[in-house]
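The values are calculated or read from the model by the stated rules, or taken from the named source; none is laboratory data. Since this is a predicted model, take the numbers as computed values, not measurements. Positions of Cβ are backbone-derived with ideal geometry, glycine not excepted, and every protein chain shown enters the neighbour counts. The accessibility values were calculated without ligands, DNA or RNA, using every heavy atom of the protein model including side chains. Shrake-Rupley method; radii C 1.70, N 1.55, O 1.52, S 1.80 Å.
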Amino acid sequence: MAFAYSGDPAWQAPIRAALAGVADPEAALSIVDMGLVLSVAQTADTVHVRLVMTSAACPVVDVIVDDVEQALDKVAPPEWQIRIEVCHDQVWTPQRMSEDARRFMRW
C-alpha cells in the first residue's frame, strides 16, 4: 500500500527511496513494502513521517525509528528537522503490505 505524501514533489522520490532502504528487522523487508509508513509530510524545514508498527508491543520500534532518522538524514538538507511519529492509534494489517511483500511472506 502506498503511503500519503504531501510537500514539494521534487523531494518525494528521494524521501521514498530513503524509506524503502529501511528494513523491518523482523521481516527482512522494507518498511515501505511492509506498509509501515502511513504518511510523509515535507515542508520548507521539516520532514514528518508517520509510522505504524505490526503490533502494539513491537520489540524493534526503536531500531526502525533510528534507521528511518538515519536514512532521511542522508538525503535531507542539514537544516531540516526530521520528525518520526509512531501512531499507536492506527492498526496495521497485512493488507497494507505490497504485493511483493505478500508474495515473499506467502500470504
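Brief remarks on what is shown
- Residues satisfying the stated conditions in the range 2-22, i.e. assigned to a strand (DSSP E or B), small (Gly, Ala, Ser) and under 13 Å from the mean Cα position of the chain (by Cα): Ala4
- Near pairs, Cβ below 7 angstrom, 6+ apart or cross-chain, from the range 53-69 (farther than 9 Å from Asp24 by Cβ) to any residue that is open to solvent by 80 Å² or more (accessible area, probe 1.4 Å) and assigned to a loop (DSSP other than H, G, I, E, B): Ala56/His88
- Exactly one residue out of Ser39, Ser55 is open to solvent by less than 80 Å² (accessible area, probe 1.4 Å), of a type in the set (Gly, Ala, Ser), at negative phi and in a strand (DSSP E or B), and it is Ser39.
- In the condition set (1) surrounded by fewer than 12 Cβ atoms within 10 Å (Cβ to Cβ); (2) modelled with pLDDT of 90 or more; (3) under 16 Å from Asp24 (Cβ atoms); (4) of a type in the set (Asp, Glu), Asp100 is compliant with all but (2).
This table checks each residue for (1) open to solvent by 50 Å² or more (accessible area, probe 1.4 Å); (2) more than 21 Å from Ser39 (Cβ to Cβ); (3) in a helix (DSSP H, G or I); (4) touching a Cys at 6+ places or on another chain (Cβ under 6 Å).
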| residue | (1), (2), (3), (4) |
| --- | --- |
| Ile64 | no, no, yes, no |
| Asp67 | yes, no, yes, no |
| Leu72 | no, no, yes, no |
| Pro77 | no, no, no, no |
| Arg83 | yes, no, no, no |
| Asp89 | yes, no, no, no |
| Trp92 | no, no, no, no |
| Gln95 | yes, no, yes, no |
| Phe104 | yes, yes, yes, no |
